[in-house]
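Report on the following structure.
The values are calculated or read from the model by the stated rules, or taken from the named source; none is laboratory data. Predicted model, so just to flag it, every value in this text is computed and none were measured. So basically every Cβ, Gly included, is an ideal-geometry build from the backbone, and we count neighbours across all protein chains shown. Surface areas here come from the heavy atoms of the whole protein model, side chains and all, with no ligands, DNA or RNA. Shrake-Rupley method; radii C 1.70, N 1.55, O 1.52, S 1.80 Å.
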Amino acid sequence: MAVEMNDLAAFVSVARAGGFRDAARTSGISASGLSTAVRRLEARLGVRLLNRTTRSVAPTEAGERLLERLTPALADMEAALDVLNHFRDRPAGTLRLNVPAGVARTVLPPILFRFLQQYPDIRVEVTVEDSFVDLPSAGCDAGIRYDERLEPNMIATPIGPRVQRFATAASPAYLGAHGRPQHPRDLLDHACLRGRFAGGAMPTWDFERKGEVLRLDPTGPLVMRPGAAIDVAVGAAVAGLGVIHLYEDMLRPHLDSGALEPILTPWWQAFSGPFLYYAGRQHLPAPLRAFVDFVKSDAVGHAAPPASGHKARPRRA
């Protein structure tokens, strides 16, 4: 029974991505091409590997068993091919990163753009996911998370700013109509634009000043989940629908333009920046090694001092 390696790789891509369109974006193969490859593989194996609906694609029991066996095998093949990088003038291959939405929007882009300019033969695939993930099972070489969400037994390297803050803001129109909060507890009487983790939990709004920490659970007209919904929440704040509490880097363009006004700035809580993490292996794939070395050198060249008046602290899950 002859099975094409490309068909196996197509199946793994679709199973990991949970759909043909998402797999097409990361694999460089059209959705129709992936569908044809999977159907051909199923026909040759004589068993259905994927359950397909109009909304989702998920492995069958047979598909899950095959995926479990193929994942380490394909990783070994990639590692074997990676040996050829030692004979190249510059590293080549694919680097797969798993990052949360906040990092994908503010921390990763400038670093990644400089990296790709320096290493044009490396292709980077980025999966945006806020939940805790197992890197090998997700088919990723490395991830970026904050320190309290790092996987155990992983090597962590600082990436991006070492201190970040949560900012609280509202539009001039909203503040003109509802007044400006003078203390975090005043937010309990305001319309607040909330967030909810992928797992369903709704994080509190945390504030800190001179060692005093306040955790609030305000209410409001909009609840968002990570990802593109962040844009909806920011747009709602700009439109005057309520107060928003989010990463300062995400709100900075709107604060600078005047579309949003900062409030309660003495209470903005600072937290330590993210880390690039990966499994401790004796021989890292060349693209990952190049990225780790680049991040370390980039951190030296672009180091920034901590935000004045704020003590870095881990971001709670």
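Here are a few things to note about the model shown:
- Region 210-233 - residue that is over 16 Å from LEU251 (Cβ atoms) and not in a loop (DSSP other than H, G, I, E, B) and, of those, most open to solvent (accessible area, probe 1.4 Å): ARG215
Yes/no matrix, rows are residues, columns are (1) assigned to a loop (DSSP other than H, G, I, E, B); (2) surrounded by 15 or more Cβ atoms within 10 Å (Cβ to Cβ); (3) out of contact with any Phe, Trp or Tyr (no Cβ under 6 Å at 6 or more places or on another chain):
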position: CYS140; (1), (2), (3): yes, yes, yes
position: ALA169; (1), (2), (3): no, yes, yes
position: ALA173; (1), (2), (3): no, no, yes
position: GLY176; (1), (2), (3): no, no, yes
position: PRO181; (1), (2), (3): yes, yes, yes
position: ARG185; (1), (2), (3): no, no, yes
position: ALA198; (1), (2), (3): yes, no, yes
position: PRO203; (1), (2), (3): yes, yes, yes
position: GLU208; (1), (2), (3): no, yes, yes
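- Flag: PRO253 matches the condition of being exposed (fewer than 12 other Cβ atoms within 10 Å of the Cβ) and modelled with pLDDT of 90 or more.
- Of the residues making up region 187-196, those that are outside any helix (DSSP H, G or I) and open to solvent by less than 40 Å² (accessible area, probe 1.4 Å) are HIS190, ALA191, CYS192, LEU193, ARG194, GLY195.
- Top-ranked residue of region 273-317 - restricted to ones that are among the hydroxyl-bearing types (Ser, Thr, Tyr) and surrounded by fewer than 18 Cβ atoms within 10 Å (Cβ to Cβ), ranked as modelled with the highest pLDDT: SER297
- Just one of the numbered conditions (1) modelled with pLDDT of 90 or more; (2) within 22 Å of GLY200 (Cα to Cα) is not true of ILE111: (2).
- Exactly one residue out of ALA10, ALA73, ALA23 is in a helix (DSSP H, G or I), open to solvent by less than 60 Å² (accessible area, probe 1.4 Å) and either touching a strand residue (DSSP E or B) at 6+ places or on another chain (Cβ under 9 Å) or touching a residue at least 40 places away in the same chain (Cβ under 8 Å) (or both), and it is ALA23.
- Qualifying residue in region 192-202 (condition: within 26 Å of GLU261 (Cβ to Cβ) and of a type in the set (A, V, I, L, M)): yes
- Subset of region 142-167 (residues that are assigned to a loop (DSSP other than H, G, I, E, B) and either in contact with an Asp or Glu (Cβ under 9 Å, 6 or more places away or on another chain) or surrounded by 15 or more Cβ atoms within 10 Å (Cβ to Cβ) (or both)): TYR146, LEU150, GLU151, ILE159, GLY160, PRO161, ARG162
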